[in-house]
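The values are calculated or read from the model by the stated rules, or taken from the named source; none is laboratory data. Not measured: the values here are computed from a predicted model. As a convention, Cβ positions derive from the backbone with ideal geometry for all residues, glycine included, and neighbour counts pool all protein chains shown. We work out accessible area using only protein heavy atoms, side chains counted, and drop any ligands, DNA or RNA first. Shrake-Rupley method; radii C 1.70, N 1.55, O 1.52, S 1.80 Å.
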Amino acid sequence: MATRARRSTAGKPRQILTILLLLIVAVYAGIAGTAAWGSPKGQWTPLLGLDLEGGRQITLQPIVGKGEQVNAGQVEQAVNIIRNRVNGNGVSEAEVSTLNKKLIQVSLPGNPSEQTLKSLAQSSELSFRPVISSQQVAAPTPQGATPTPSGSASPSSSPTSGSASKSPASKSPASKSPASKSPASKSPASKSPASKSTSGANDILPQAFRADTQKPTSPSSKASSPAGSSSSATPKPSPAPAPDRQLPGAQPQPANGSDDAWAKFPVDSIWIQNGLAQSGDTYQDLFQAFPCTQAQAPKGKPAVEWREIAARAPHSQPDVGCGDGYKYLMGPVEVEGKHLTDAGYGNQTNQQGVATNQVEVTLSLDSTGAKEFADVTKRLTPYGEGNPKNQFAITVDGKVVSAPGSRSVITDGKASITGNFTESSAKTLANQLKFGALPFSFKELTSNQVSPEVGTDQLQKGILAGLAGLLLVVLYSLLQYRALGFVTVASLIVAGVLSYGLVTLLGFTSGFRLTMAGVTGLIVSIGITADSFIVYFERVRDEVRSGRPLRAAVQTGWGRARRTIIVSDAVNFLAAAVLYVLSEDNVKAFAFTLGLSTLVDIAVVMMFTHPVLTLLSQTKFFGSGHKWSGFDPDRLGAAGVTYAGRGRVTIADRKAAAGSTAAEGGQA
Amino acid sequence: MASFAQFGNDLFTGRRQINFIGRRRTWYLLTGILLIIAAVGIFGRGLNFSLEFEGGSHISVANIQNTKNFDSRAHNAVKSAVGSADNLQVTKAGATTVTIESKKLGKGTSADTDKVAEALAKEFHVKQSSVSTDFIGPSWGSSVTHKAIQALIVFLLLLALLLSVYFRTWTMAAAALVALVHDLFFTVGIYALTGIEISPATMIGFLTILGYSIYDTVVVFDKVRENTDEAIRDGNRTYAQAANYAVNQTLVRSINTSVVALLPITAIMVVGIVFLGPGTLLDLAVALFFGIAVGTYSSIFIATPLLTSLRHREANIKELDRRALAYQTSQASVLARTGTREQHTPGESSSGVIEPERAKAAKAAAATKVRHREIHPLAKRDDND
């Protein structure tokens, strides 16, 4: 019986230790893997939080009008928008997160410029631009539905992306001469150059005629529209109208926002300054070059950068954007997002006011917006379904969220978008419209600039404190547990190695960053980890005191200690989990390290400390209870009990022993 | 140290016992007084919240070569940057770092704080990168506090559930929770009385105390359960005695674990005070230091005594106490006959533990007595025949 037990206990601990070793090797192999092949490259040290690495952390609070409430959805949307902006600014490793569901926290490494900071807090922009041409770049998502015949009384438009698979429209004969085109657009001058052109009834020319009237090229066509159209049409502070400056006199002047002439226009200086276009490139070139996905992006110019510039393109200029698998060349902004008062979705009602199965997204515009919208739809509707020019793109921060075709003139400012919407896709679009244009800007609630030197200093001192604490714990356990203390030390080292590896690996996989609070959490966990060893050792000692030989004491002691260790660690983990889920920011980081070290603690006690102690109990030094082993039965008072049980020790002897210890106690 | 190990041995075997449970009224009274003092501190003096809760600016300038006249120089720099230098607190942290705190710098905007930072860098001849600024809007702290309280309540509810399931009795969960709330209240009370500043890091510390304090209590309760289960089975100890024995048996562990937990924290505190000054590290460490110390106290002096008080009136516990007392009375009479009265140890009454030697003697005496009775007079006569 005894030999069988011995064999099983000798085999198992070695297996467990091997598993642990493999686990550690796996973690570090993972780190090595991320460092070698990861993209972006992983590193051998944990990612550091802002407070250690240095950088700027700002907390933004939405500014809302009196009586208005900011809901979680809006904040979530704002986070996405700000994240896009930060990434667009080329700041790598920036973090944007919500704080208490109401605030937004942005962490930027280094010392970002005031301009960068300002740009983050600005409200977002939604705008309506007429589509000039479109190009399919990928399979459209279900939302990009096929147009449905309009049977409804309500002025409706439908996404025509399904039909828009034409080649770039500028090559199509659809263009008209600016003169013949009398756009209905009466939008304020600030909106688009088209607004300056004469307006009137939107007489749409027959297709045949359109085919004849080629793109405007002659100088006369320029004359037909006011010569200063581009400059007067760009009241925005864009310094000088790019077209005139770059190719004076050679440019046709577009008559309205849908004019193909825009395609021939030289791109705005913003594209050139950011290295996305060359001087002399036209919007057609830009349209061709513009990447919708990272895969299409040329090297060194991430797709998001293009989008960011597209978002900042002047209102008076054409723009390029992507959405729903299509790439759009769009005319100048004709309706600004601020005129959008509401967006919703629901089942469309027919003329009798009965709800149909058709899901629609509705938008409401204020009076100015309604008027502008009426003008645009008046111009776009006659193009007819299937023509990209029929589409009116809605852009948010450079992204086309929807490009519905215009089916009828909408004069009341209440538009409806129909298509193959599902309930959820309609909701998504409605939310994008509603929150896409952030109805609020932000103010800086906190702004925290940590100098890298201060951070490094903090980290160094923190590590110093950790080492000092570790040393003290080691000394104390050696004093208390003699040779057994070395098991504690070894276990702590294993725990440290495991924690370091996991924190580093998590930095790569989940972007986990070690903050000062996290470092403190790890230092504090030294004590908590050591605690479970103490619970275990004390239990084993209890068993030794009860007269068991060490080998048996380790097993029975473990059986009892394990339960205690698991439940206490469960409680600790619960605390960490609750903190992690319910808190934000620094507390979250702290809770994370605390939870992590609790799991590491369980793993180390189960897979290292116990197997090692099992093996040690089989050695002569520990098994026979050497004086320095920490399991000396005499020192633990076990011998007395054991021998008394066999009747070899008299009560007189016990009395003498008790007297001597009492005296010793008195001296101490 | 040998004496400490011996002390542990004696506590374990029952040769030496401290009567924690029996004197529980004393601990209740003591705790009550301490809590009243803490309450006076919290509600009377109030808590000293840091800048993060009130709003303001905090600037620290590191790596200063020459910190001479740092106070007036800082004042001048601030004044030149934003016009006024009122309500300014300038302190030196460590040898080369100066921190400036103000409820309102200039117009109280983050831009003004940055301006001051620039001026300070110039004044103290350090690089701009050596200056850390911290601007906090006034509503910041309330949202942090709100969140922390929410986390606290959820944690307590989940904990109550977990402990009730694990220990299979609500009384243990209730006693553990009372001890926990005590720890938190008392620790916050210490902050109120000493006037130590409460920062967000301190709040994290408070929340961590929860996990730690309950850890301690769970370890003690685990032993209490083991001992009381045994007592209920054997009927040789009252509930209070079994619980007291458990507290004594885990006392060495409690002391060891607390010391081991406090050692790294003390290291952090020393490093924090000497080198870093107030900050995440120090604030957390101070909160944990008080919390763990208080938590150790409560797991010994509050949790288990309270548990005993709670279970006192339960029918099966009353029954156990009656059985145990009867057993002990009979045993005492047996022991008296063996003539070992003078070896009476404190453990006997408080924990119901009898030294192994005496137990042996008692058993032998009882056996003789029984054997004596068993032999029938007639059988004896037959023997004689």
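Counting partner chain Cβ atoms within 10 Å of every residue's Cβ in B:214-225, what's the average? Write down the numbers at each step before the final one.
Values: counts 5, 14, 2, 2, 8, 10, 1, 2, 8, 5, 0, 1.
Taking the mean over all residues of the peptide, I get 5.
Which whole-Hz couplings ³J(HN,Hα) result when phi for each residue of the stretch A:254-268 is put into the Karplus expression 6.51 cos²θ - 1.76 cosθ + 1.60, θ = phi - 60°, listed in order with x for Gly and Pro?
x, 8, 8, x, 9, 5, 5, 4, 4, 4, 8, 5, x, 5, 5
Taking amide H atoms as placed 1.01 Å from N in the peptide plane, list the residues 5 or more away in sequence, or in a different chain, whose amide H sits under 5 Å from that of B:ARG16.
When sequence neighbours closer than 5 places are left aside, the close amide H contacts are B:LEU11.
Evaluate Rg over Rh across the stretch B:165-263, taking Cα atoms for both radii and Kirkwood's formula for Rh.
Numbers: Rg = 16.3 Å, Rh = 15.3 Å.
With Rh from the inverse mean 1/r over Cα pairs, Rg/Rh is 1.07.
Counting only the heavy atoms of the protein chains, how much of B:LYS318 is accessible to a 1.4 Å probe, in Å² to the nearest 10?
Approximately 120 Å² of B:LYS318 is accessible to the 1.4 Å probe.
Note the angle between two axes, namely the Cα long axis of helix B:280-298 and the longest principal axis of the Cα atoms of chain B, as a number of degrees from 0 to 90, rounded to the nearest 10.
Here the helix axis deviates by roughly 20 degrees.
Probe 1.4 Å, all protein chains in place: accessible area of A:LYS414 in Å², nearest 10?
110
What is the local net charge at B:ALA293, summed over the other residues whose Cβ is closer than 13 Å to its Cβ (Lys, Arg +1; Asp, Glu -1)?
Working: positive: none; negative: B:ASP183, B:ASP216.
That sum, taken over residues with Cβ under 13 Å, equals -2.
What relative contact order, as a whole-number percentage, does chain B give when Cα pairs under 8 Å and 6 or more residues apart are counted?
On the way: 537 pairs, mean separation 89.8, N = 385.
This gives 23 percent for chain B.
Please give the per residue volume of the convex hull enclosing the alpha carbon atoms of the stretch A:527-600, rounded to a whole number of Å³. List each step's numbers first, then the result.
Working: hull volume 4.9 nm³, N = 74.
Roughly 66 Å³ of hull volume per residue.
Return the sequence-ordered ³J(HN,Hα) values of the stretch A:321-334 in whole Hz as given by the Karplus equation 6.51 cos²θ - 1.76 cosθ + 1.60 applied to θ = phi - 60°, using x for Gly and Pro.
x, 10, x, 6, x, 10, 10, 10, 9, 10, x, x, 5, 10
Can you give the mean number of other chain Cβ atoms that lie within 10 Å of the Cβ atoms in peptide B:113-120? Don't jump to the answer; show the numbers that get you there.
Details: counts 4, 5, 0, 0, 2, 0, 0, 0.
The mean count of partner-chain Cβ atoms within 10 Å per residue comes to 1.
Per residue, what volume in Å³ does the convex hull of the Cα atoms of the stretch A:410-531 enclose?
Values: hull volume 24.8 nm³, N = 122.
Cα-based convex hull of the stretch A:410-531, divided per residue, equals 203 Å³.
Taking each residue of B:122-131 in turn, how many C-beta atoms of other protein chains fall within 10 Å of its C-beta, and what is the average?
3
Can you give the calculated 222 nm mean residue ellipticity of chain B, where each DSSP H run of n ≥ 4 adds -39,500 (n - 2.57) and the sum is split over every residue, rounded to the nearest 500 deg cm²/dmol? Could the numbers behind the result be given before it?
On the way: 16 runs with 262 residues, N = 385.
So the calculated ellipticity at 222 nm is -22500 deg cm²/dmol.
Of A:LYS443/B:LYS127; A:LYS327/A:LYS389; A:LYS427/A:LYS588; B:LYS68/B:LYS107; A:LYS327/A:LYS443, which ones are farther than 25 Å apart at the Cα?
Details: A:LYS443/B:LYS127 28 Å; A:LYS327/A:LYS389 13 Å; A:LYS427/A:LYS588 31 Å; B:LYS68/B:LYS107 29 Å; A:LYS327/A:LYS443 35 Å.
Where the Cα-Cα span goes over 25 Å, the pairs concerned are A:LYS443/B:LYS127; A:LYS427/A:LYS588; B:LYS68/B:LYS107; A:LYS327/A:LYS443.
Which order do you get for A:TYR328, A:TYR28 if you rank them by accessible area with a 1.4 Å probe, largest at the top?
Details: A:TYR328 5, A:TYR28 55 Å².
So the residues, ranked largest to smallest area, are A:TYR28, A:TYR328.
Expressed as an acute angle from 0 to 90° and rounded to the nearest 10, what is the orientation of the C-alpha long axis of helix B:239-249 relative to the principal long axis of chain B?
Taking the Cα atoms of chain B, the angle to B:239-249 is about 60 degrees.
For A:ILE132, which sequence-distant residues (separation of 5 or more, or a different chain) have an amide H within less than 5 Å of its own amide H, given hydrogens modelled in the peptide plane?
A:LEU329, A:MET330, A:GLY331
What list of ³J(HN,Hα) couplings, whole Hz, do you get for the stretch B:227-236 from phi and the Karplus terms 6.51, -1.76, 1.60, once you set θ to phi - 60° and write x for glycine and proline?
Working through the residues one at a time gives 5, 6, 4, 5, 5, 5, 5, 8, x, 9 Hz.
Give me the one-decimal Kirkwood hydrodynamic radius in Å for the stretch A:480-520, with the sum taken over alpha-carbon pairs. Let's see the in-between values first.
Working: mean 1/r = 0.0850 Å⁻¹.
Answer for the stretch A:480-520: a Kirkwood hydrodynamic radius of 11.8 Å.
For B:THR250, what accessible surface area do you get with a 1.4 Å probe? Give it in Å², rounded to 10.
It works out to around 10 Å².
What is the helix-to-structure angle for B:170-194, meaning the angle in degrees between its Cα long axis and the longest Cα principal axis of chain B, kept from 0 to 90 and rounded to the nearest 10?
Rounded to the nearest ten degrees, it is 40.
Along its three principal axes, how long is chain B when you only count alpha carbons? Whole Å, largest extent first please.
121, 42, 31
May I ask you to order B:273-285, B:56-68 by the average number of other C-beta atoms within 10 Å around their residues, highest value first?
Packing proxy ranking, top to bottom: B:273-285, B:56-68.
For B:ILE198, enumerate residues with amide H under 5 Å from its amide H, sequence gap 5+ or separate chain, H modeled in the peptide plane.
Correct list: B:ASN48, B:PHE49, B:SER50.
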